[in-house]
Protein chains: 4
Amino acid sequence: MSSSDNWRQRLYIIIFHTDTPAGQRFDNWLLLTILASLVVVMLDSVSSVHDQYGSWLKALEWGFTALFAIEYVVRLYCSPKPLRYAFSFFGLIDLLAILPAILALLFADAQYLLIIRVIRMLRVFRVLKLSPYLRQANFLLTALRGSRQKIIVFFATIATLVTVFGTLMYVVEGPANGFSSIPKGIYWAVVTLTTVGFGDIVPKTALGQALSTLVMITGYSIIAVPTGIFTAELASAMRGGDQHRHDCPSCAKDFHEHGAAFCSRCGNPLFPRQVDQG
Amino acid sequence: MSSSDNWRQRLYIIIFHTDTPAGQRFDNWLLLTILASLVVVMLDSVSSVHDQYGSWLKALEWGFTALFAIEYVVRLYCSPKPLRYAFSFFGLIDLLAILPAILALLFADAQYLLIIRVIRMLRVFRVLKLSPYLRQANFLLTALRGSRQKIIVFFATIATLVTVFGTLMYVVEGPANGFSSIPKGIYWAVVTLTTVGFGDIVPKTALGQALSTLVMITGYSIIAVPTGIFTAELASAMRGGDQHRHDCPSCAKDFHEHGAAFCSRCGNPLFPRQVDQG
Amino acid sequence: MSSSDNWRQRLYIIIFHTDTPAGQRFDNWLLLTILASLVVVMLDSVSSVHDQYGSWLKALEWGFTALFAIEYVVRLYCSPKPLRYAFSFFGLIDLLAILPAILALLFADAQYLLIIRVIRMLRVFRVLKLSPYLRQANFLLTALRGSRQKIIVFFATIATLVTVFGTLMYVVEGPANGFSSIPKGIYWAVVTLTTVGFGDIVPKTALGQALSTLVMITGYSIIAVPTGIFTAELASAMRGGDQHRHDCPSCAKDFHEHGAAFCSRCGNPLFPRQVDQG
Amino acid sequence: MSSSDNWRQRLYIIIFHTDTPAGQRFDNWLLLTILASLVVVMLDSVSSVHDQYGSWLKALEWGFTALFAIEYVVRLYCSPKPLRYAFSFFGLIDLLAILPAILALLFADAQYLLIIRVIRMLRVFRVLKLSPYLRQANFLLTALRGSRQKIIVFFATIATLVTVFGTLMYVVEGPANGFSSIPKGIYWAVVTLTTVGFGDIVPKTALGQALSTLVMITGYSIIAVPTGIFTAELASAMRGGDQHRHDCPSCAKDFHEHGAAFCSRCGNPLFPRQVDQG
């Protein structure tokens, strides 16, 4: 193995893995750099800050973009399968983190592209991914996947409720009270059902307020549904499924209830007692 | 069997069932048509869109109504028991989806009937009904039905709370601060207890604000009650789906795996053989 | 037993019990009368209704008060222990439901006493109490009682959070932005932490908005705490305690874990298998 | 043991412990004094009260500060290890409860230091700590600690969501509609996602309202995640309180009753005796 290959592999472990101290240190610095670059993007959008420190922020932006560009090139260089990396989810995010900045810095009128730099936020998950957090995120995803169908039924119900309530409010309150169209009524119904309650559109008539009361009580109550679904699924995911794998010593049944002491098929004990026979 | 009968039965399977590829394709197209017709209804309520594309939308509306009318006739034709279909829940929804549009298109002054077309949204559930979602929706309904009595107690408590708090606020704040009557006070109490908080009526006096604090803390805390009820019931419903209720004759275990012959807790047979002792 | 005593006892069963058809009919009528009298109280507070139908409502009010007074006297008459009834919780509620109305109808300037009539709402629970709902309400109360200490810790935390955040916002935003005193700041903190968000007082400075973000995220997250507490307690209350009473056939241990197959003290099976010995 | 030492020890037990009647009485009085001093701090911040009763409140403030100072000195005196107390968490809180008041009463321009007196609120937890509430607070802390990693993943997701949504709204709505910078957009996204909904900044464009709908539905749904996490962990922590963790050497059961000698599932001894086989 050549010394260059050796160096490349060590770089690969530092950049892509997280189990070595050097890899962890790299991840921490990367996290800090991503967050710092996001702060620069945000500050730059505040007009008073932009007017006063605009050129400083631009310089910092150049710096961060350069850093990310170097990181991208190094990742491409040390990755054993560069193309696979380049077209992976995080590879594309890495590219999107530098491309718009380069374009915007070159062409003055591509200013709005700068906003895409916010996508750098997603790079935070790259750091989280390579960590013990992955297992926890997996629990959450398993629970969400397990409750997918229930969640679709729930969202279809929500969509129907806001459509019907929004239309009713449009009829009851009318354009004079701010409910100028059915989509606006639906917007109001979502604001109310989710208990956000901006207050930009509010019912003025007695009938409208009575109907709102119904929408609010509904929204307040059905929040229990996704919570119940998710809690039940998460508890099941944490427990690791409904059944437990253990071969019955007497028959061929290999999955049993949690806490089963006897096989439910042959009735023999799953864990025979070790008797002193003497 | 005549060729007409054969054709009618094939239509019936496509339209009413969902297990064949043709049936699934029909369902998908129906879902798309329903949603498209809803979009037309909504867009038509936006005055700027109505002014500009009013005639186009009217034409589309004619089209969708014609489609739904044809579908309704075909459903009546191919259904083995047309009357039973016509008076079923979904049969009436199907009729309501075309009737107001026809009336409104014929009589110009029946314009407000058009709103009833939003009821087409309910037809979405017809598509969901004929699908694996049914089982999931059933879990949710079982959980809701199981917690019916607890939910009634909960709603009676909520109703009492908002009545008492609404009246107190009416006394404390008075008409000068927007609490012009007890129903208005109750409307405010619902807005606050459900944590919606529009802000159209807010307490101005110190005593009113202290009382509001109490209402808000109450609302924030008792949301736990329906959630707890529903979660506990749903977990039980989900367990009931995987397991089978049967009291073990030897111990108290009352839920067993499907197909269990012996109790997994005490190892005794679930269905003891009645032995002739002689 | 005299015929008068017989009549008195039958009245007692109708009025105080709910298991006979007559008793249930009485309860239903009582519920309707209570709700109708509440509607009259509410309508009377709406100034436009009061101006137009004031005298009608007053007449109805006289009628309801007379009905409740008669009911109260009959309850006193037929109750086996009249004094005990008179000083029980529901006895006092029953008295409060008629007293203010009588006072207010006699003395014109005791108008505000009328508001106390809203206390009639509590009589609804008398009807609920005598019904299968009692058992469900009991589950809820058991769960609440079981989590009492946890809930006190939770409320102490909430109180500390709103005090500290309210004071901080008073310092950061100051009277110029509506945070005119610490109690006002605490009122705002409650409005925000409970996710009600009226919008009557909102942060204007950047630091205030950053701090608000913290308050909102906190409020959004800790809602999980009472929900979690209550759900866990309710599940436990529904399951009926953590342990199960069953005498071990071998030793004296009489409480065992749920689902225990063997005694955890002597290791012998709790439910010995019925072996055919032949 | 000298009489002074005896006296000191009795003081120590009264002040630091809570199991004696005298200790409980001391705790109750301390709680009342802390809350009363907080009420004085709050009332003093209300300008109308300050103008009228300013000198009275100042006198009361002197009184409370004197009381707390005496208490602090007595605690130092009777504590067996004064330095350890002085630098403990509650020792520092006790000092902070008197220091700013003394400074502010001596130097007129240190007025803002008075706000720090709100920190006295934390002393309430000293009283709670020495009580059966400790065990309950421990359950909550165990549950929070157990779900730490899941909560970090959840907060990282929330942070990403509000950053991306806030930036999108800044682009879609722009400064003309109140979204004057990305941080302001993020502030709005937090207000909306947490369902607070102040209404100080609201979307005005159709696209902005459609996007808001998405944010609100997201916020309404993902509240289920921390609730589910916490409920599952709390249930586990409560089980862990009643049961004891020990892996059964024969089967997979990992939680057992306190004092269990045999596994309640397989009946084998939990702690097998090491037999000399010879």
Does region C:180-202 contain any residue that is more than 13 Å from chain B (Cβ to nearest Cβ), part of a helix (DSSP H, G or I) and at pLDDT 90 or above?
no
Exactly one of (1) in contact (Cβ under 8 Å) with a residue 12 or more places away in the chain; (2) closer than 22 Å to B:PHE165 by Cβ; (3) open to solvent by 80 Å² or more (accessible area, probe 1.4 Å); (4) not acidic (Asp, Glu) is unmet by C:PHE89. Its number?
(1)
Checking the conditions here, which among D:GLY54, D:GLY23 is open to solvent by less than 60 Å² (accessible area, probe 1.4 Å) and within 14 Å of another protein chain (Cβ to nearest Cβ)?
D:GLY54
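Which one of these is open to solvent by 60 Å² or more (accessible area, probe 1.4 Å) and modelled with pLDDT under 70: B:ARG135, B:ARG145, B:ARG84?
Values: B:ARG145 fails: modelled with pLDDT under 70; B:ARG84 fails: modelled with pLDDT under 70.
Of the residues listed, the single one that is open to solvent by 60 Å² or more (accessible area, probe 1.4 Å) and modelled with pLDDT under 70 is B:ARG135.
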For C:ASN177: the one exception among (1) in contact (Cβ under 8 Å) with a residue 24 or more places away in the chain; (2) more than 12 Å from chain B (Cβ to nearest Cβ); (3) within 32 Å of the chain's Cα centre (by Cα):
(3)
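Hey, can you tell me all the residues within region D:180-204 that are open to solvent by 20 Å² or more (accessible area, probe 1.4 Å), over 19 Å from D:ILE217 (Cα atoms) and over 29 Å from the mean Cα position of the chain (by Cα)? Steps first, please.
So in region D:180-204, the residues open to solvent by 20 Å² or more (accessible area, probe 1.4 Å) come out as D:180, D:183-184, D:186, D:199-200, D:204.
Now drop any that are not over 19 Å from D:ILE217 (Cα atoms), which leaves D:180, D:183-184, D:200.
Within region D:180-204, D:SER180, D:ASP200 meet the criteria.
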Name the residues in region B:208-229 that are under 16 Å from C:PHE139 (Cα atoms) and within 9 Å of chain C (Cβ to nearest Cβ), would you?
B:ILE222, B:ALA224, B:VAL225, B:THR227, B:GLY228, B:ILE229
Against the conditions (1) farther than 24 Å from C:MET121 by Cα; (2) within 12 Å of chain A (Cβ to nearest Cβ); (3) modelled with pLDDT of 90 or more, where does B:THR205 fall short? Just the number, please.
(2)
Failed item in (1) in the same structural domain as A:LEU144 (by TED's automatic domain parsing); (2) among the β-branched types (Val, Ile, Thr); (3) modelled with pLDDT under 75, with A:THR213 passing the rest:
(3)
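Consider region D:35-51. How many of its residues are more than 14 Å from C:SER181 (Cβ to Cβ) and open to solvent by less than 30 Å² (accessible area, probe 1.4 Å)?
Applying the first criterion (more than 14 Å from C:SER181 (Cβ to Cβ)) to region D:35-51 yields D:35-37.
Next, from what is left, pick out any that are open to solvent by less than 30 Å² (accessible area, probe 1.4 Å): D:37.
Going through region D:35-51 one residue at a time, the tally reaches 1.
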By residue number, the members of region C:7-30 that are over 13 Å from C:GLU71 (Cα atoms) and either assigned to a helix (DSSP H, G or I) or outside the structural domain of C:LEU122 (by TED's automatic domain parsing) (or both) are C:TRP7, C:ARG8, C:GLN9, C:ARG10, C:ILE13, C:PRO21, C:ALA22, C:GLY23, C:GLN24, C:ARG25, C:ASN28
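Please find, among C:ALA232, C:ALA237, C:ALA252, the residue that is at pLDDT below 70, in contact with a helix residue (DSSP H, G or I) (Cβ under 8 Å, 6 or more places away or on another chain) and not assigned by TED's automatic domain parsing to the domain that holds C:ILE152.
Working: C:ALA232 fails: at pLDDT below 70; C:ALA252 fails: in contact with a helix residue (DSSP H, G or I) (Cβ under 8 Å, 6 or more places away or on another chain).
From the options C:ALA232, C:ALA237, C:ALA252, the qualifying one is C:ALA237.
The values are calculated or read from the model by the stated rules, or taken from the named source; none is laboratory data. All of these numbers come straight from a predicted model, not from anything done at the bench. Positions of Cβ are generated from backbone atoms using ideal geometry, with glycine treated the same way; all protein chains shown enter the neighbour counts. Remember, those area values only see protein heavy atoms, side chains included, never the ligands or the DNA or RNA. Shrake-Rupley method; radii C 1.70, N 1.55, O 1.52, S 1.80 Å.
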